[in-house]
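The values are calculated or read from the model by the stated rules, or taken from the named source; none is laboratory data. Only a predicted model underlies this, so the values are computations on that prediction, with no experimental measurement involved. No Cβ is skipped: glycine too gets one built from the backbone with ideal geometry, and neighbour counts run over all protein chains shown.
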Amino acid sequence: MTSITLDSSQGHEPGTEKPQLESPKSVLALIIFAAVLTAGLAYMVFSLYQDISSAGMPATTWLPFVLLGVALLTALAFEFVNGFHDTANAVATVIYTNAMPANFAVVWSGFFNFLGVMVSTGAVAFGIISLLPVELILNVGSGAGFAMVFALLIAAIMWNLGTWALGLPASSSHTLIGSIIGVGLANQLFGSNNGTSGIDWSKAIEIGYSLLLSPLVGFIAAALLFLTIKALIRSPELYAEPKGNKPPPLWIRGLLIATCTGVSFAHGSNDGQKGMGLIMLILIGCAPTAYALNRAISPADLNNFRQTAIAASAVIDAKAGGHQILGDPRPIVTRYVAERQINESTFPALAALTREIVKTLETYGSPAKFPAATVGNARNDMYLASEALRFIFVADKKEEKIFTPDDLKAMQAFKSSLDNATKFIPFWVKVVVAIALGLGTMVGWKRIVVTVGEKIGKTHLTYAQGASAELVAAATIFAADNYGLPVSTTHILSSGVAGTMAANKSGLQMSTVRNLLMAWVLTLPCAILISGTLFVLLRMVF
């Protein structure tokens, strides 16, 4: 892959002034940066200590805690790199239209990235996790589980840093998905050949569609929005290039700042969740007593859990038709999750597993009271039941109706209770991921900003072009959040800028477009290869 160069014969018009990207180093800014970073790490250590102490987790060896610390720092490093790799796209338009000074823009963007992470729901986080092999998720504390986490994180960081060094706006989402697929494929080749050892391809295809279509949506929607604005708003200054370093008119400046804010917030709410999901895997693997189950379930939610579990158990028992499973039902349910073929033993096994969950709840009352030796198994039972229900609901939609509407409602309520107990994000995890992503936004942003601002179109970015690209990016990411799908801020925004250039007949710098397409095509296979190789090597180590 070659680095992008700006051909002077295809560059911006002569005499166009570029924005000031360089500024004197501020000692005060460095002190504040270091203080926030230190405070975030201290808060993480304090929260870990409190959670593990209150859970009564036995400490027979320091090894799990060493692995926990290294893994958490690696996950936060991924989010930090994600910040300066991806979020530069959000500030490129306001910088190149002089709507905001460069240094102020990245701080502003970092702050709204932080807020975006803090208000996120976690749906994207667990959408990413559901891609991973069920075998590894159920045994995340094993050597293979640690190899999985480190392999996909290190692979994603390596590729992100490589594309950043070349100034290529490659996608962190794309990279992470490729890393997950690489781990799943390597695990299937390295270990058993059962269906749970590989990737959930149905989920991978669903996420793949979102990553594939989002750049096309960005290009087409931004072009159409730009043409619509041009037809409706007859203000010549909106379609003019910035004059020197003069800021745009107030109303245009407000629009550009608002769109930059929206993209930054949306980026935080979507991309920040990827790090949160990975951190939860790490915590479950290293400190299951404290994090395998949601110990903060309210009494009302706990009572609802009991009621939904009993109601769902009755529905599943009825569907089992009186058949009983002798022995352990888990292998049968696991096989169903792998093969997704309902047979005569599926519902009896799921009924037996549901009764085990109800029995555990009735015995101990609350996840906070589960003995340390019980937590891991209880969490795996709940996760396995939830995954089985997920695929049963898919079958119910695709084939003849398996359940009546009332029965389906009872099953869905039970799955929600299971997810509430197993798929949760502690507040401190949101905070440290938000800090890592926000601080990362303020470092190393220039390379990607220059590519987006100068090297996609042949003319300087106009106010209307910048606003159109940003509006489409923010709307697309928010829509993806609602469906729990990861999308690439990088792909959407850079393709949106290209779409506005094409709509305005400004011309595209084809050398840049070729390099962007090359990065888009190569990211998935390269991430798969790197993470798969690392997984095999780390399996030998662990």
Condition met for GLY83 (at pLDDT below 85, over 30 Å from ILE332 (Cα atoms), buried (at least 24 other Cβ atoms within 10 Å of the Cβ) and among the small types (Gly, Ala, Ser)): yes
So for region 258-277 (the condition being free of Cβ contacts under 8 Å to residues at least 60 places away in the same chain, within 29 Å of LEU115 (Cβ to Cβ), touching a helix residue (DSSP H, G or I) at 6+ places or on another chain (Cβ under 7 Å) and not hydrophobic (A, V, I, L, M, F, W, C)), does at least one residue qualify? no
Filtering region 246-260 down to residues that are exposed (fewer than 13 other Cβ atoms within 10 Å of the Cβ) and either in contact with a Gly (Cβ under 9 Å, 6 or more places away or on another chain) or of a type in the set (A, V, I, L, M, F, W, C) (or both) yields LEU250, TRP251
Restricting attention to region 138-157, the residues that are in a helix (DSSP H, G or I), aliphatic (A, V, I, L, M) and more than 17 Å from the chain's Cα centre (by Cα) number exactly 3
Just one listed residue, out of ASP381, ASP328, is outside any helix (DSSP H, G or I), at pLDDT 85 or above and not assigned by TED's automatic domain parsing to the domain that holds ILE128, and it is ASP328
- Query: Before we move on, is THR476 at pLDDT below 75, of a type in the set (Ser, Thr, Tyr), under 16 Å from the mean Cα position of the chain (by Cα) and closer than 29 Å to VAL117 by Cβ?
  - Reply: no
Looking across region 273-328 at residues that are hydroxyl-bearing (Ser, Thr, Tyr) and closer than 30 Å to GLU79 by Cα, the single one that is surrounded by the fewest Cβ atoms within 10 Å (Cβ to Cβ) is THR289
Over region 278-290, the set of residues more than 12 Å from the chain's Cα centre (by Cα) and within 27 Å of LEU115 (Cα to Cα) is MET280, LEU281, ILE282, LEU283, ILE284, ALA290
Inset, instruction - Restrict the check to region 233-240 and report whether at least one residue is surrounded by 16 or more Cβ atoms within 10 Å (Cβ to Cβ), in the same structural domain as ALA464 (by TED's automatic domain parsing) and among the polar types (S, T, N, Q). - result: no
Sole miss for ALA75 among (1) surrounded by fewer than 22 Cβ atoms within 10 Å (Cβ to Cβ); (2) aliphatic (A, V, I, L, M); (3) at pLDDT 75 or above is condition (1)
Selection over region 509-533 where residues are surrounded by 19 or more Cβ atoms within 10 Å (Cβ to Cβ) and either in contact with a Gly (Cβ under 8 Å, 6 or more places away or on another chain) or among the hydrophobic types (A, V, I, L, M, F, W, C) (or both) yields a count of 12
| said: Please determine whether any residue of region 45-56 is more than 21 Å from VAL472 (Cα to Cα), among the hydroxyl-bearing types (Ser, Thr, Tyr) and either at pLDDT 85 or above or buried (at least 24 other Cβ atoms within 10 Å of the Cβ) (or both). | reply: yes
The number of residues in region 493-530 that are hydrophobic (A, V, I, L, M, F, W, C) and at pLDDT 80 or above is 12
Per the filter on region 81-137, residues outside any helix (DSSP H, G or I) and of a type in the set (Val, Ile, Thr) are THR87, THR97, VAL119, THR121
Scanning region 419-451 for residues that are in contact with a Ser or Thr (Cβ under 6 Å, 6 or more places away or on another chain) and surrounded by 24 or more Cβ atoms within 10 Å (Cβ to Cβ) gives THR441
